1. Being in contact with a Lys or Arg (Cβ under 9 Å, 6 or more places away or on another chain), outside any helix (DSSP H, G or I) and surrounded by 14 or more Cβ atoms within 10 Å (Cβ to Cβ): is that true of VAL330 here?
2. From the residues in the range 230-258 that are at pLDDT 80 or above and among the small types (Gly, Ala, Ser), which one is surrounded by the most Cβ atoms within 10 Å (Cβ to Cβ)?
3. Which of the residues spanning the range 275-291 are open to solvent by 60 Å² or more (accessible area, probe 1.4 Å) and in contact with a helix residue (DSSP H, G or I) (Cβ under 6 Å, 6 or more places away or on another chain)?
4. Name the one entry in ARG181, ARG186, ARG264, ARG175 that is at pLDDT 85 or above, open to solvent by 50 Å² or more (accessible area, probe 1.4 Å) and closer than 30 Å to GLY90 by Cβ.
5. Do we find that THR103 is among the β-branched types (Val, Ile, Thr) and surrounded by fewer than 21 Cβ atoms within 10 Å (Cβ to Cβ) in this structure?
6. Taking into account only those residues within the range 106-118 that are assigned to a helix (DSSP H, G or I) and over 17 Å from ALA88 (Cα atoms), which is least open to solvent (accessible area, probe 1.4 Å)?
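The values are calculated or read from the model by the stated rules, or taken from the named source; none is laboratory data. Everything numeric here is computed off the predicted structure, so don't read it as measured data. Cβ coordinates were reconstructed from backbone atoms using ideal geometry, including for glycine residues, and neighbour counts include every protein chain displayed. With ligands, DNA and RNA removed, areas are computed over all heavy atoms of the protein, side chains included. Shrake-Rupley method; radii C 1.70, N 1.55, O 1.52, S 1.80 Å.
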Amino acid sequence: MGSGRKADHPAEDSGGGAAHPSDDPGQGADPASAEAAAVRGSSPRAGSAPRNEPPSVALMDVAGASAGLAGAPLHADDLPDGVVVADAAGRVVLFNTQAAQLTGVPADAALGRDYRAVLPLVGHDGQDWWEASDPYGGARDRVRQPERALFLPDEREILVAARYVRARPGGELVRLVLTLRDASTRAERSRADLVSEVAHELRSPLTSVKGFTSTLLAKWERLTDKQKLFMLETVNADADRVTRLIHDLLDVSRIESGRLEIRRQVVDLPGAVRRVVAGYVTAGESEERFRVEARGELPQMWIDSDKLHQILSNLVENGVRHGAGTVSIVIEPCEGGTAVSVRDEGQGIAPETIPRVFRQFWRSKRRSGTGLGLFIVKGLVEAHGGTITVGRAPSGGAEFRFTMPAGTPEFV
């Protein structure tokens, strides 16, 4: 079949070790690494396919294969994911069967063409992904692109990861290796994780509600007023917990489906922050635990007031629950809008976990909460056209900083 073969003009290879993806330290976990290694076969070795064998037959030998498969070549079509390879000029030189099935583009129609024409990918923001990532003209220290969900022209979602093979560290790109996977598998796994997590979170409060109400019904006359009050307060708190979880799940659903509605109005941002802090003080936190600072002249902000309260409450609660010392909220103007930084004085977030902070079900080692709060915060901020980042605060703890764009909405 033609889908697993290379084009007649193979990609350039420097012949040096730096051009081999597997030689780059720390990149073994990259989803594209194995596929990138599979297409490198630039020099013959013992047991390799003969030079006069068509490129479609084999890409490389499998080192360390079992005795029964010793010397057996690895085909591009043997790989479980779609694989696309472009040469130094951006021409597609390999397009395997899985890639053809995922994209609906025949291999013969892909080989020799520009990679952007073969895979016109679009991000969630509707922008051309290749223009945004610029694999050939971007920073030369890049060696990979983590897997992300992108869209084909027919709006089907696929997972794409990239490997940038360079002639030498910091050198020109000699080969672009892409892996493609069906996003539906991830979606199904995500739904299964969600069902499992929700079942776990519901079990505890519902068990408590059931136990206490059963006790109240069966032993009402024998219980003291103090015991009754304790049980009813516990049932009320657990009912609130279930209600919050349901609201979180609805927000997750709206964010993922793009159905989140934003009702903008003029908002006093420092005032909104102070109201959130006042709520925690009323609930028993010390007023000395918080510091609110508004810097400079802020532009007029049109924000959904309820969504802003949800964003601030989640971030402040995160600082109170997982941080230490003073929780500082700094509001200041930034280019095109306003920035809000929520800082604590705790241990902070380990650098290796920062990329996972805004994912669903991410939780600190204490494993409190559902792990949906920061995912929802990110979705709410981005729905306003803003951005959110996490890093290390000046005091050493964690700092969550989000920006909101200024300007009057179009409907005004």
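1. On the way: in contact with a Lys or Arg (Cβ under 9 Å, 6 or more places away or on another chain): yes; outside any helix (DSSP H, G or I): yes; surrounded by 14 or more Cβ atoms within 10 Å (Cβ to Cβ): yes.
For VAL330, the condition - in contact with a Lys or Arg (Cβ under 9 Å, 6 or more places away or on another chain), outside any helix (DSSP H, G or I) and surrounded by 14 or more Cβ atoms within 10 Å (Cβ to Cβ) - is met.
2. ALA239
3. Correct list: GLU287 only.
4. Numbers: ARG186 fails: at pLDDT 85 or above; ARG264 fails: closer than 30 Å to GLY90 by Cβ; ARG175 fails: open to solvent by 50 Å² or more (accessible area, probe 1.4 Å).
Answer to the check: ARG181.
5. On the way: among the β-branched types (Val, Ile, Thr): yes; surrounded by fewer than 21 Cβ atoms within 10 Å (Cβ to Cβ): no.
It is false that THR103 is among the β-branched types (Val, Ile, Thr) and surrounded by fewer than 21 Cβ atoms within 10 Å (Cβ to Cβ).
6. Kept after step one, since they are assigned to a helix (DSSP H, G or I), are these residues of the range 106-118: 107-110, 115-118.
From what is left, the residues that are over 17 Å from ALA88 (Cα atoms) are 107-109.
Details: ALA107: 7, ASP108: 103, ALA109: 44 Å².
Per the criteria, the residue is ALA107.
Here's the yes/no breakdown for (1) under 26 Å from PRO299 (Cβ atoms); (2) charged (D, E, K, R); (3) out of contact with any strand residue (DSSP E or B) (no Cβ under 8 Å at 6 or more places or on another chain); (4) touching a residue at least 24 places away in the same chain (Cβ under 8 Å):
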site: PHE230; (1), (2), (3), (4): no, no, yes, no
site: ASP240; (1), (2), (3), (4): no, yes, yes, no
site: LEU249; (1), (2), (3), (4): no, no, yes, yes
site: ARG264; (1), (2), (3), (4): yes, yes, no, yes
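So that you can scan it fast, the table gives a plain yes or no per residue for (1) closer than 16 Å to GLY386 by Cβ; (2) without any contact (Cβ under 8 Å) to a residue 24 or more places away in the chain; (3) open to solvent by 30 Å² or more (accessible area, probe 1.4 Å); (4) of a type outside the set (S, T, N, Q):
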| residue | (1), (2), (3), (4) |
| --- | --- |
| VAL273 | yes, no, no, yes |
| GLU293 | no, no, yes, yes |
| GLU297 | no, no, yes, yes |
| LEU312 | yes, no, no, yes |
| VAL316 | no, no, no, yes |
| GLY319 | no, no, no, yes |
| GLY323 | no, no, no, yes |
| THR326 | no, no, yes, no |
| CYS334 | yes, no, yes, yes |
